[in-house]
Amino acid sequence: MSKPSKPTGLIARLSRARPTKPGEIYGVPGQGNTLWLSACSVATFFFIWWLVTAMGWVKPLFVPSPQAVFGKFIAIWNDGFTGTPFLEHLGVSTLRVFGAFLLACVIGLPLGLAMGMSPLMRGLFDPPIEFYRPIPPLAYLPLMIIWFGIGETSKILLIFLSVFAPVVLGARSGVKSAAIEQIHAAYSFGASRWQVMRYVIMPSALPEILTAMRIGIGFGWTTLVAAEMVAATKGLGYMVLSASQFLQTPVVIMGIFVIAIIAFAFDLLMRFVERRLVPWKGRM
């Protein structure tokens, strides 16, 4: 019986796992440096975009060229949009998203930990959070306007609600990550309930809490455009919506790119913090 042939060339290099480190027996699945693959992926995307527009396969009204989008970014950077400097639009949106995000973390993390520790808290707060969590923010946007008006409160509250549920549920799930053997060992050495929470449960829950924060801030940026539909005169979401009404496609795409870049930069920051705070993640 002949042995199956092994793949050669490029396929073999792509399918091969990374070399094992000293002390390891097998390579960990999924590990490896993907920087060059990511760079090639981004370069391919921009090349296809440029090719489609340069060949005239799609009208500029629908897909403007990368040069047109970049030129519009330079123009708005220099001259502003609707009489407001670009950095002011950027600062207003960033303040709204991160203000709501910090508020959601301050309230949601303790609540999620309490729900994970206490059946009473879980029974009280789990139904309303699970009830509103799958509802799109646009569905309860009219209620925000009716209850809180068209000022900043309704905008920040809308973003807050989109971030709050993932943060709470992530913290609650993180409590369950602590091994019962570790908890029993801590109690057997005379640890108090607070010490078990501080030294056993919190370190175990931290990876899931950080992941929930990354997911939450993503939902916050996703909800930004909906929040700035309400009588806004500044912000990146306002720029995108206002430009779409006048068919200024380069401004729309530019605003989408700016929002995506800021969200991705924060995600990279959270990954860095995660590597510093929970270096044991994935190694236990």
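Sort through Tyr238, Tyr187 and tell me the only one that's among the aromatic types (Phe, Trp, Tyr) and within 30 Å of Phe86 (Cα to Cα). Explain how you work it out, then say what you get.
Working: Tyr187 fails: within 30 Å of Phe86 (Cα to Cα).
That would be Tyr238, the only listed residue that is among the aromatic types (Phe, Trp, Tyr) and within 30 Å of Phe86 (Cα to Cα).
For the range 133-171: of the residues being in contact with a helix residue (DSSP H, G or I) (Cβ under 7 Å, 6 or more places away or on another chain) and exposed (fewer than 15 other Cβ atoms within 10 Å of the Cβ), which is farthest from Phe219 (Cα to Cα)?
Among those that are in contact with a helix residue (DSSP H, G or I) (Cβ under 7 Å, 6 or more places away or on another chain) and exposed (fewer than 15 other Cβ atoms within 10 Å of the Cβ), it is Leu138.
Taking the criterion of being farther than 23 Å from Leu103 by Cβ, among the hydroxyl-bearing types (Ser, Thr, Tyr) and loosely packed, with under 14 Cβ neighbours inside 10 Å, would at least one residue in the range 199-207 satisfy it?
yes
Just need a number here: residues in the range 30-69 that are on the phi > 0 side of the Ramachandran plot and loosely packed, with under 10 Cβ neighbours inside 10 Å.
Of the residues in the range 30-69, the ones on the phi > 0 side of the Ramachandran plot are 30, 32, 56.
When the remaining residues are screened for being loosely packed, with under 10 Cβ neighbours inside 10 Å, the result is 30, 56.
Of the residues in that region, 2 qualify.
When you go through Ala185, Ala263 one by one, which is the residue that is over 19 Å from the mean Cα position of the chain (by Cα) and either surrounded by fewer than 18 Cβ atoms within 10 Å (Cβ to Cβ) or assigned to a helix (DSSP H, G or I) (or both)?
Details: Ala263 fails: over 19 Å from the mean Cα position of the chain (by Cα).
Checking each option against the conditions leaves just Ala185.
Do you know which of the residues in the range 235-260 that are of a type in the set (Ser, Thr, Tyr) and at pLDDT below 90 is nearest to Thr94 (Cα to Cα)? Please lay out each step first, then the result.
To start, the set of residues in the range 235-260 that are of a type in the set (Ser, Thr, Tyr) comprises 238, 242, 244, 249.
Next cut, at pLDDT below 90 only: 238, 242, 244.
Working: Tyr238: 13, Ser242: 18, Ser244: 21 Å.
Result: Tyr238.
Which pairs turn up if I take residues in the range 181-198 that are of a type in the set (S, T, N, Q) and look for partners that are open to solvent by less than 100 Å² (accessible area, probe 1.4 Å) and in a helix (DSSP H, G or I) with beta carbon separation below 9 Å, at least 6 apart in sequence or on another chain?
From the range 181-198, the pairs are Gln182/Val196; Gln182/Val200; Gln182/Ile201; Gln182/Ser204; Gln195/Ala186.
Suppose we filter Val97, Val92 for residues that are modelled with pLDDT of 90 or more, open to solvent by less than 60 Å² (accessible area, probe 1.4 Å) and within 26 Å of Val42 (Cβ to Cβ); which single one remains?
Values: Val92 fails: within 26 Å of Val42 (Cβ to Cβ).
After applying the criteria, what remains is Val97.
Take the residues in the range 226-247 that are free of Cβ contacts under 8 Å to residues at least 24 places away in the same chain and open to solvent by 30 Å² or more (accessible area, probe 1.4 Å); name whichever of them is farthest from Leu157 (Cα to Cα).
Phe246
Are there any pairs with C-beta distances below 6 angstrom linking a residue in the range 116-136 that is closer than 13 Å to Pro166 by Cα to a residue that is assigned to a helix (DSSP H, G or I), with the two at least 6 apart or on different chains, and if so which?
Every condition considered, the pairs that remain are Ile129/Ala165; Ile129/Val168; Arg133/Ala165.
The values are calculated or read from the model by the stated rules, or taken from the named source; none is laboratory data. Quantities reported herein were computed from a predicted structural model and do not represent experimental measurements. Here Cβ is always computed from backbone atoms with ideal geometry, including for glycine, and neighbour counts include all displayed protein chains. The protein model used for the area step is the full one, side chains on, heavy atoms only, and it has no ligands, DNA or RNA in it. Shrake-Rupley method; radii C 1.70, N 1.55, O 1.52, S 1.80 Å.
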